[in-house]
Amino acid sequence: MESSTTPVRPDGPPPATPEVVVEGGADVTEMDPLEIARVGAGKTLLQVRGLKKHFPIVGGLLRRQIGTVYAVDGVDFDVNSGETFALVGESGCGKTTLGRSVLRLIEPTAGQITFAGRDISHISADELRPLRRKMQIIFQDPFGSLNPRMPVSDLIGEGLLAQGMKDRKARDKKVEDSLELVGLRREYTRRYPHEFSGGQRQRIGIARALALGPDIVVCDEPVSALDVSIQSQVLNLLLDLRRDLNLTYIFISHNLSVVQYFSDRVGVMYLGRIAELGSVEQLYKDPRHPYTVALLSAIPDPNPRKRKKRLVLKGDVPSPAAPPAGCRFHTRCWLREKLGNPERCVTEEPQLRNFGGGHQTACHFAEEISADTVSSAVETQSVLETAVADPV
Amino acid sequence: MAQEIERGAVVADVENRPEGPRTDYEVGLESLSQWQLAWRKFKKHRLALIGLGILIALVVIAIAGPIVMPFRFDSIARPDQIVYQGRGPSLSHPFGETGGLQRDVLLLVVNGARWSLLIGFSSMAIGVVIGTIIGSIAGYAGGAVDNILMRVVDVMLSLPILFVILVAARFFAGARDNIWTIIIIFGLFGWMGVARLVRSLFLSIREREFVEAARAVGVRDRRIIFKHILPNALSPIVVAASLIVAGNIIGEAFVSFLGYGVNPITPTWGNVLSSALTFIPLGNWWWPFFPGFAIILTVLAVNFIGDGLRDAFDPRSRA
Amino acid sequence: MTEVIAAPSPLGAPPPDNILLDVRNLKTYFKVLDGVVPAVDGVSFSLERGKSIGIVGESGSGKSVSALTMMRLLDIPPAEIRDGEIWFDGREILHMPMEEMRKIRGNDMAMIFQEPLTSLNPVFTVGDQIAEQVERHKKVKRKAAWDRAIESLQLVGIPSPERRVKQYPHELSGGMRQRVMIAMALSCEPKLLIADEPTTALDVTIQAQILELLKTIQDRTDSALMLITHDLGVVAEMVDNVIVMYAGQVVEQGTVDEVLVNPRAPYTMGLLESIPTVEKRGGRLSAIKGTVPNPFNMPPACRFEPRCPYAWNLCAETAPDLYPAGPHGQHARCHLHTPAGAPRLPEALADHERKLNVGHGIS
Ligand SMILES: Nc1ncnc2c1ncn2[C@@H]1O[C@H](COP(=O)(O)OP(=O)(O)OP(=O)(O)O)[C@@H](O)[C@H]1O
Ligand SMILES: Nc1ncnc2c1ncn2[C@@H]1O[C@H](COP(=O)(O)OP(=O)(O)OP(=O)(O)O)[C@@H](O)[C@H]1O
Ligand code: SF4
Ligand SMILES: [Mg+2]
Ligand SMILES: [Mg+2]
């Protein structure tokens, strides 16, 4: 491989379009060519079925279990090869837990994870180790995720070592290549994390993940800890890497603008479950879950001429240790209120229903959502009544 | 292989400026390692520096002193002349002389430094090693292992240590050279604090993201413990160790003073104090004063260093 | 409308009566082990009564330090106020005795912090904390102060405030705590409310609640608002005027309509260009290269010069001032707005327009 010393990105014509074999149900006509290519390339790489992760809450003098956090509570989704699948949702809804369970960094309580056709939900640590090469993760915190006492050469190199690359020279070469790949200088190998800025550290984290040559990378809020002016650099890097290395991403974020720009399909999570699932176009143009509608409405637009009235949800997110019965969203649901508080939302948990083209929503009354219902909900809401009494 | 080639076509590098080399305003003027940084902060701590100076002086004395002015139990200054009263400080004996065998107090204090420092540091080393091992196991394994080990710690802590030491010292009293007995006893009973500290450090560092990151690339447990967790637990352990040294020096003096410590023919500071006891009513203040002062000085110095280390390793303090 | 931000009155004289807050050439430095951090380096702006101003800038640009200096809440040392005056409500507050300042702080000038849990005292009930403040500043009886506490909780939309006043901070959720902070800040009817990243620690939907709440309160009371944030979207929605900070300096100021629609400082341009939008899907984002300068090693002339796509040799030699850059009092710290830079300006603006709307480079 010829690695030029001053890598310059060719701004010339796009790379030859890969052969497109469309399969899978996504509605092709609405998508940009790029996406067709990716969906087309995509066979299912990762399949998650009924995944659950519950954490015990221990307390009291005897440290007995006094409760359970239902962090992830029955999640199904597929990730196709070559696509970027985003997970969005508010803090504590289980995105990180889901991402880590999928990689078996934490043991799932229940459910099945199939990676490249192989069920990995119960294999042993030794069987898992070689698979780690194929499944990597990038962490949110560029400060916490790098061992402050290790030089870059070890930070990136130890994965290679663990995967059996015993030869020091080969390893160092690979480390330097990886640094270059993420836009850092080759000479940085002797440096320690505290000598880098946040954005540079995040690049080191990315280099560590990519050195192993993964197929799928879980990006857990890779830019949210970074400064605004650095975020776009890192997003660009992830974008370039996706193209050059043909990566598949699971992109975890709470920033809906970034997700819209960056990903192909999106899963909206609420309290450990998926509320809505679909392509970016489906979700942003035609949201079918009242929670998605509210999330989209909450994005502040930096253009002051587009000031809008937003739909404000009531109350706080309930605790994942005591998710509401029926539909988990019913305590804050504006749609339910609009419809005169039907009982069904409280008694029956909605399952994901198909709305065509892979668009799925877990809401009993998804059909009721329209521009009219939304705008009338916005008109009738009172901002001062959005705080609801939470049980103490 | 196709992928390999792709990788050569490296992506755009937003950090490389096209104009060629220029001043780099992004990176620090000088980048210091964790230890260099700590040393810089330590240097600002005046008391700690004084403490360090004193300790270095004491170590030099402890090493060189006995060579320059050796002490031998059977070499008695004036064997024919056992006196009732000691003699106060004078030019030839700046710390005065003891009663009884008329020994030079300076000679005793200088020779005592070796024993006191040896006991302080050696038993600290034993305690820290045991504590670190037990704490690491408990913290990394968690669960039942952790539970059992921590109950052992609780039991050890609930023992009335002083009595145990007195009994053990009496038990081993026959030993010819019982300095090491004392050191081992102090070590065996001085690890619980360290174990607790290390365990809690492990529990928190184990949850840090960089450990998870190491696991994600397939690093094995042993390497995680030795390369990731322990190095990050080191600075609090060092701080704790410095304070243990002080505790051990006092402990030795105390036990020897009670007559259960190091063989009385060895001039540890505690032994000298102990033998001075009966002469205090006679106004021989210099006899207990100088060894006592040496103990206080050493303990203060070590404590100051501990304080300085604590501040130096504290990531929150920048100045 | 906007003399609000334009050049401050001559140093030394009080500002006209309609100006509530007038900050002049404020310099707050920190002396630390590694050297001196010019955290706030010559910041000037003013704010009319009842109006709102936003301060944006990335982490470490000096937003919080500016606010804390205004509140006189910084520890001196390590902080050191090198220069400047702050006129608030007709009085100079930067040099007044601390005794006097205490009467203003929490009373005429109140602040909301980013992390509500650390700024509320955990051992007192919410009501105690609000009432105590009212009692001290307004010299009223305990009963009246308590009523005022309930009233202000009601004002921020907390249901059953009679019950809430008796709760401790840890019994409240994050959103609820931030409401309590706001209630506390409002309890003495301040003339100026400073909110330092009031929603950064909150969830998206709770952030929406709090922002809407702040807007409603701004409409209902006549207090002025100074909102610190790094989110351009929040600024666009919430305030009349905005100042953009970079490396301790103001690099651009003006109304939100001017600054966010027609930015004139290359840094602001770059920020707006780098925001991901639908239109840029499929392309790369335009990014500001490099990172913020190390505070101990500031570029000698223009601090943005090493990262600026439009820089030329003048930029590395002379430090630019804030120059007028728009018809309504917009100012930008950039040589492009001097006669020397004028020939380069059209090209820079065209380049910005181009980058703003399309992602570039096909991916
Ligand atoms: N190790 C753990 N033990 C107990 N509870 C946990 C643990 N890890 C996570 N949780 C709980 O599980 C829930 C989901 O957490 P998770 O970190 O997955 O959320 P998230 O969606 O990633 O949120 P954020 O946006 O804040 O990162 C939270 O309520 C959290 O408190
Ligand atoms: N107590 C302090 N001691 C030393 N330096 C400080 C102190 N407080 C702030 N600084 C420095 O002053 C500069 C400005 O900090 P400030 O907190 O104002 O940034 P900010 O714009 O509020 O950033 P953020 O968005 O992260 O809150 C930073 O470089 C910071 O390191
Ligand atoms: S003065 Fe020059 S370098 Fe500075 S911002 Fe303006 S154009 Fe860029
Ligand atoms: Mg998370
Ligand atoms: Mg701040």
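The values are calculated or read from the model by the stated rules, or taken from the named source; none is laboratory data. Just so it is clear, the model here is predicted, and its values are computed rather than measured. Every residue, glycine as well, gets a Cβ built from its backbone with ideal geometry; the counts of neighbours run over all protein chains shown. SASA here: full protein model, heavy atoms, side chains in, ligands and nucleic acids out. Shrake-Rupley method; radii C 1.70, N 1.55, O 1.52, S 1.80 Å.
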How large is ³J(HN,Hα) for each residue in segment A:309-320, as worked out from phi by the Karplus curve 6.51 cos²θ - 1.76 cosθ + 1.60 (θ = phi - 60°), to whole Hz, x for Gly and Pro? 8, 10, 8, 9, 6, 8, x, 9, 5, x, 6, x
Residues other than C:K191 with Cβ under 11 Å of its Cβ, Lys/Arg counted +1 and Asp/Glu -1, net out at -3
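How big is the A-B contact in terms of buried accessible area, both chains counted, 1.4 Å probe, rounded to the nearest 100 Å²?
In total, chains A and B hide about 4100 Å² from solvent.
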Past 27 Å, Cα to Cα: identify those pairs from A:K43/A:K95; A:K174/C:K355; A:K338/C:K51, in the order given. A:K174/C:K355; A:K338/C:K51
Net lengthening on full extension, C:E99/C:D321 (0.36 nm per residue, minus Cα-Cα): 76.3 nm
By the mean-Cβ-within-10 Å protection proxy, highest first, B:48-59, C:302-313, C:230-241 rank as C:230-241, C:302-313, B:48-59
Per-residue mean of other chain beta-carbon atoms within 10 angstrom of the beta-carbon, peptide C:293-306? 3
Show which lysines lie in cross-link reach of C:K166 when reach means a straight Cα distance below 20 angstrom and same-chain residues fewer than eight apart are skipped. C:K141, C:K143
Hey, quick one: spin label on A:I57, modelled 7 Å out along Cα-Cβ, who in segment C:129-171 has an amide N within reach, i.e. under 15 Å? C:171
Shielding score for A:236-243, defined as the mean number of other chain Cβ atoms within 10 Å: 5
At q = 0.13, 0.20, 0.22, 0.24 Å⁻¹, the log10 of I(q)/I(0) for segment A:119-196 from a Debye sum over equal Cα scatterers comes to -0.47, -0.99, -1.12, -1.23
In segment B:166-237, which GluC sites (Glu not before Pro) fall in coil by DSSP and have 11 or fewer other Cβ atoms within 10 Å? B:E207
If amide H atoms are modeled at 1.01 Å from N in the peptide plane, then the residues at a separation of 5 or more from C:A224, or on another chain, having amide H under 5 Å from its own are C:G50, C:L192, C:L193
Here FRET efficiency (C-beta to C-beta, B:E207 to C:E347, R₀ 45 Å, nearest 0.05) is 0.30
Pull out the extension gain between A:E343 and A:D119, defined as 0.36 nm times the separation in residues minus the alpha carbon to alpha carbon distance; nm, one decimal. 76.7 nm
Which percent of Cα-Cα pairs in segment C:39-128 sits in each 10 Å bin, short to long? 12, 44, 35, 9, 0
Charge sum, other residues only, whose C-beta stays under 15 Å from B:L49's C-beta, Lys/Arg counted +1 and Asp/Glu -1: +4
Once amide H atoms are built 1.01 Å from N in the peptide plane, which residues 5 or more positions from A:C219, or in another chain, come under 5 Å H to H? A:I138, A:I250, A:F251, A:I252
With a Förster radius of 45 Å, plug the Cβ-Cβ distance of B:L300 and B:V155 into 1/(1 + (r/R0)^6) and report the FRET value to the nearest 0.05. 0.85
Residues listed by number, segment C:218-242, amide nitrogen under 18 Å from C:R49 label point at 7 Å toward C-beta: C:218-226
Can you work out ³J(HN,Hα) from phi for every residue in segment A:331-338, in order, using Karplus 6.51 cos²θ - 1.76 cosθ + 1.60 and θ = phi - 60°, giving whole Hz and x for Gly and Pro? 5, 10, 7, 6, 5, 4, 4, 4
Can you tell me the relative contact order of chain A? Whole percent, Cα pairs under 8 Å, sequence separation 6 or more. 17 percent
Take segment C:85-136, drop everything but the C-alpha atoms, weight them equally and run the Debye formula without solvent; then report log10 I(q)/I(0) at 0.21, 0.29, 0.31 Å⁻¹ to two decimals. -0.88, -1.14, -1.20
Compactness relative to 2.2 N^0.38 Å, alpha carbon Rg of segment C:137-244: 1.10
Can you tell me which of A:L313, A:L184, A:L339 moves the most in a GNM of chain A? Springs connect C-alpha atoms under 10 Å apart. A:L339
Given R₀ = 30 Å, what would the calculated FRET efficiency be for B:R222 paired with A:A321, taking r from the Cβ atoms and rounding to 0.05? 0.25
Ranked highest first by the average count of other Cβ atoms within 10 Å around their residues, in what order do C:243-253, A:96-106 fall? C:243-253, A:96-106
Can you compute the radius of gyration and Dmax for chain C, using only the Cα atoms, both in Å? 21.5, 69
For chain A, what is the accessible area per residue in Å², given a 1.4 Å probe and the full set of protein chains? 40 Å²
Give me the inter-chain shielding for A:158-168: mean count of other chain Cβ atoms within 10 Å, whole number please. 3
Please work out whether segment A:160-220 counts as rounded, prolate or oblate from its C-alpha gyration tensor, where a ≥ b ≥ c are the square roots of the eigenvalues and a/c under 1.5 means rounded, while otherwise a/b larger than b/c means prolate and anything else oblate? oblate
Rounded to whole Å, sorted largest first: equivalent-ellipsoid semi-axes of segment C:21-64, Cα gyration tensor: 25, 12, 6
3J(HN,Hα) from dihedral phi, segment A:159-172, Karplus parametrisation 6.51/-1.76/1.60, rounded to Hz, x for glycine, proline: x, 4, 4, 4, 8, x, 8, 7, 6, 4, 4, 4, 5, 4
Are there any trypsin sites (Lys or Arg not before Pro) in segment C:109-154 that are in a DSSP loop and have at most 12 other Cβ atoms within 10 Å? List them by number. C:K139, C:K141
Among all stretches of chain A without exposed GluC sites (Glu not before Pro) (DSSP loop, at most 14 other Cβ atoms within 10 Å), which one is longest? A:24-342
Placing each pseudo-label 7 Å from Cα in the direction of the beta carbon, C:E151 and A:K166 end up separated by a distance in nanometres of 8.0 nm
Counting each pair of different Cα atoms once, what's the Kirkwood radius of chain A in Å, rounded to one decimal? 22.7 Å
Filter on C:K27/C:K191; A:K134/A:K166; C:K31/C:K63; A:K306/C:K215; B:K44/C:K27 - keep pairs with C-alpha separation over 21 Å: C:K27/C:K191; B:K44/C:K27
Segment A:147-222: trypsin sites (Lys or Arg not before Pro) falling in loop per DSSP and having at most 16 other Cβ within 10 Å: A:K166, A:R185
Which angle between 0 and 90 degrees, to the nearest 10, do you get for helix C:142-155 versus the longest principal axis of chain C when only C-alpha atoms count? 40 degrees
